[in-house]
1. Please report, as a whole percent, how much of the solvent-accessible surface of the range 144-202 comes from carbon and sulfur atoms (probe radius 1.4 Å).
2. Run down the lysines and flag those whose C-alpha is under 18 Å from the C-alpha of Lys94, throwing out any fewer than 8 positions away in its chain.
3. Quick check: at a probe of 1.4 Å, how many percent of the accessible area of the range 10-110 sits on carbon and sulfur atoms?
4. What value, in deg cm²/dmol to 500, does the helix sum -39500 (n - 2.57) over DSSP H runs of n ≥ 4 give at 222 nm once divided by the residues of the chain?
5. Compute the angle between helix 134-170 and the longest alpha-carbon principal axis of the chain, please, reported from 0 to 90 degrees and rounded to the nearest 10.
6. Please list, in order along the range 71-88, the HN-Hα scalar couplings obtained from phi with the Karplus expression 6.51 cos²θ - 1.76 cosθ + 1.60 (θ = phi - 60°), rounded to whole Hz, x for Gly and Pro.
7. Can you give me the accessible area per residue for the chain, using a 1.4 Å probe, in Å²?
8. How fast does the chain diffuse by Stokes-Einstein, in µm²/s, taking the Kirkwood radius from C-alpha pairs at 37 °C and 0.692 mPa s?
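The values are calculated or read from the model by the stated rules, or taken from the named source; none is laboratory data. The structure displayed is predicted, hence computed values, not measured ones. Heavy atoms of the whole protein, side chains included, go into the accessibility calculation; ligands, DNA and RNA do not. Shrake-Rupley method; radii C 1.70, N 1.55, O 1.52, S 1.80 Å.
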Amino acid sequence: GSDVAAISLYWCKFRAMTITVCRLVAFSSICFSAVDQCLSTSHDFRIRQLSTIKLARTLIITSIVLASLHTIPIGIFNEIRAGICSVWNSGMSKYISYFYIPVISGFLPITVASILSVWAYRNVRRIVSRRVPLVRRRLDQQFTAMVLIRIIVFVIFTLPYTIEKMYAAAAPANQAEPLSYALSVLRGAITVSLFNLNYAVR
């Protein structure tokens with residue numbers, strides 16, 4: 001019944017850093033799958049040649065390195081106060097509330113993944129006019145449909161969480177008003193539950 005992160009400073013920092021790295025790498029991977037599908041379904045042969053395993057490995061390693069570097073300040077500023085493990089530095093809190101959550105882990109990956117998946121879908125629709133073997137055409141269509149569905153689910157689960165976090169940062173709930181505070185907590189619990197389904201959907 002007790003939270004280890006509220007007792008151990010090491011675990012408090014490590015957990016926050018691990019969650020951030022995993023979130024950024026997972027969201028980057030979703031965007032990279034849309035990029036790969038967009039490249040591999042392009043009508044231009046030179047663009048199709050860019051879609052390689054080497055590029056995928058390079059992008060994943062780069063995203064892991066950048067995500068790890070991004071979490072260093074989060075690890076530094078995470079502290080335990082009054083039995084709560086959180087970022088208490090006002091500057092870092094503003095960065096997380098106004099840039100990290102809405103932009104880096106919110107609208108940026110949603111926008112990139114959405115635009116590229118729609119582009120890939122448009123490319124697949126144009127494949128019919130190219131002289132491509134029927135089996136390859138069907139595989140491209142199936143895989144593009146899978147990527148598109150994954151990105152739709154990603155948008156559906158991520159957007160409410162991002163909007164709720166932005167609203168909570170702009171208009172924090174007052175604990176002196178029990179009903180509005182309870183509704184705020186309920187909204188947060190529902191959107192976090194939806195958001196966490198991103199990691200379960202494959």
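1. On the way: 2650 of 3600 Å².
The C+S portion of the solvent-accessible surface of the range 144-202 is 74 percent.
2. Within the straight-line cut-off, Lys94 pairs with Lys165.
3. Numbers: 4040 of 5570 Å².
In the range 10-110, the share of accessible area belonging to carbon and sulfur is 73 percent.
4. On the way: 7 runs with 143 residues, N = 202.
Estimated from H runs of four or more residues: -24500 deg cm²/dmol.
5. 20
6. Calculated HN-Hα couplings, in order: 7, 4, x, 5, x, 5, 8, 6, 9, 9, 9, 6, x, 10, 8, 6, 8, 9 Hz.
7. Numbers: 12300 Å² over 202 residues.
On a per-residue basis, 61 Å².
8. Numbers: Rh = 19.1 Å.
Value of D from the Cα-based Kirkwood radius: 172 µm²/s.
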